[in-house]
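> This is the structure, below, for whatever I ask next.
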Amino acid sequence: MNTVEISLYRPFKQITDIAATSSDIYIIVDRCLLYQIDDSTYQVSFIDSIPAAEFISANDVYVKSRNKLFTLKEEGDSTRFSAVTGSVDSDSLILTAKVGNSFKNYNIVNCCDGEWGGTISFIDRSDTTSINSIESTCMLKILSGPEYHYILNYLGHMMGSSSIYKITSVENLPDKELCYKFAYDPVSKSYVDSSMQAITQGGMNQLILEANGVEIVDGQIIKDNVFVLLKYKWPDKMNLTMIIENDLTTVKSFEYQHKENPLSIGGTITAEGKVYIRQSLWGYDRLKDGKRYENEIVVFDLVTNELKQITIAR
């Protein structure tokens, strides 16, 4: 594994978000400081300071700050985030980041109701009275292939729970009203009138994953292979998995090298086949003594199988 140490040349606590393009890594530090890291030379450039910042990766890299939206803009030899004007809004970008461009004939409404369930409704653009729905908790992403859609759900309530559904077509889902509440039977632990009934009946829809204490971080289709990044709490680690024959197979496991209070924060998978994972070392004594977090970024290239670790020093 290649290792490199870089510095931001200022004190900070934690990397709070990460995004990437084909040539650069972008990080947000302490929810406001934006940096650009060259993915080959590891040169670090400070971009801007934007309060309450978080990334939206929807074809391009955007930054959302409260009710404002910013996009990358080249200014000579430097890069800055410039305010977005016009009809583009953060909600539409977030939806694009979640569902891609495979549902041009539908308006998609994600009716997340937390621990009380939820629904994803597909509204036919040519006939708005035609609504097909599927039960969900909170939709993280939909991965679409030529003959299938994988719906990735995650619920952060208590210890957290995740599920992955595979559907063959929207038209085969039940024709239900917008945000329809599917009835749940606690005895059989299944939905009574749902599209997922077809799972137990051997129909077209399939349940790939249903687990507690596991968080789906991201997913991506790369060269017709479906990859899903899973975060585990006990022990703390990230698993890069691939869906093979409707089951999850671990491709690579990422565990923080230090054993004292490791913390896997998050990650992303790019369309080019690179996996970026943020991990930290933390502890109450460390924070009390002013040592704060130890931050690192793990980069794994699915194409070349190259693994590298970037430690962010202070």
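> Within the range 76-118, which residues are open to solvent by less than 40 Å² (accessible area, probe 1.4 Å), under 17 Å from Y150 (Cα atoms), at pLDDT 85 or above and not in a loop (DSSP other than H, G, I, E, B)?
Result: A97, V99, Y106, I108.
> Got at least one residue in the range 26-44 being in contact (Cβ under 8 Å) with a residue 24 or more places away in the chain and exposed (fewer than 15 other Cβ atoms within 10 Å of the Cβ)?
For the range 26-44, residues in contact (Cβ under 8 Å) with a residue 24 or more places away in the chain and exposed (fewer than 15 other Cβ atoms within 10 Å of the Cβ): present.
> For the range 49-75, enumerate the residues that are at pLDDT 90 or above and among the charged types (D, E, K, R).
Within the range 49-75, E54, K64 meet the criteria.
> Given L143, L178, which one is modelled with pLDDT of 85 or more and surrounded by fewer than 17 Cβ atoms within 10 Å (Cβ to Cβ)?
L178
> Quick test of your reading of the structure: F12 fulfils all but one of (1) open to solvent by 10 Å² or more (accessible area, probe 1.4 Å); (2) more than 30 Å from T304 (Cα to Cα). Name the failing condition by number.
The number of the failed condition is (1).
> Sort out for me the strands (runs of 3 or more DSSP E) sitting completely within the range 222-314 that have 1 or more residues that are among the acidic types (D, E), at pLDDT 90 or above and touching a strand residue (DSSP E or B) at 6+ places or on another chain (Cβ under 6 Å).
In the range 222-314, 294-301 are the strands (runs of 3 or more DSSP E) which contain 1 or more residues that are among the acidic types (D, E), at pLDDT 90 or above and touching a strand residue (DSSP E or B) at 6+ places or on another chain (Cβ under 6 Å).
> Now for a separate question. Applying the selection to the range 36-85, what residues are small (G, A, S) and over 30 Å from T3 (Cα atoms)?
Listed by number, the residues that qualify are A52, S65, G76, S82, A83.
> Among the candidates A58, A53, single out the residue that is surrounded by 20 or more Cβ atoms within 10 Å (Cβ to Cβ), within 29 Å of N101 (Cα to Cα) and within 18 Å of the chain's Cα centre (by Cα).
Answer to the selection: A53.
The values are calculated or read from the model by the stated rules, or taken from the named source; none is laboratory data. Since the model is a prediction, treat every value here as computed from it, not as a measurement. Cβ atoms come from the backbone with ideal geometry, glycine included; neighbour counts cover every protein chain shown. These accessible areas exclude ligands, DNA and RNA; they are computed on the full protein's heavy atoms, side chains included. Shrake-Rupley method; radii C 1.70, N 1.55, O 1.52, S 1.80 Å.
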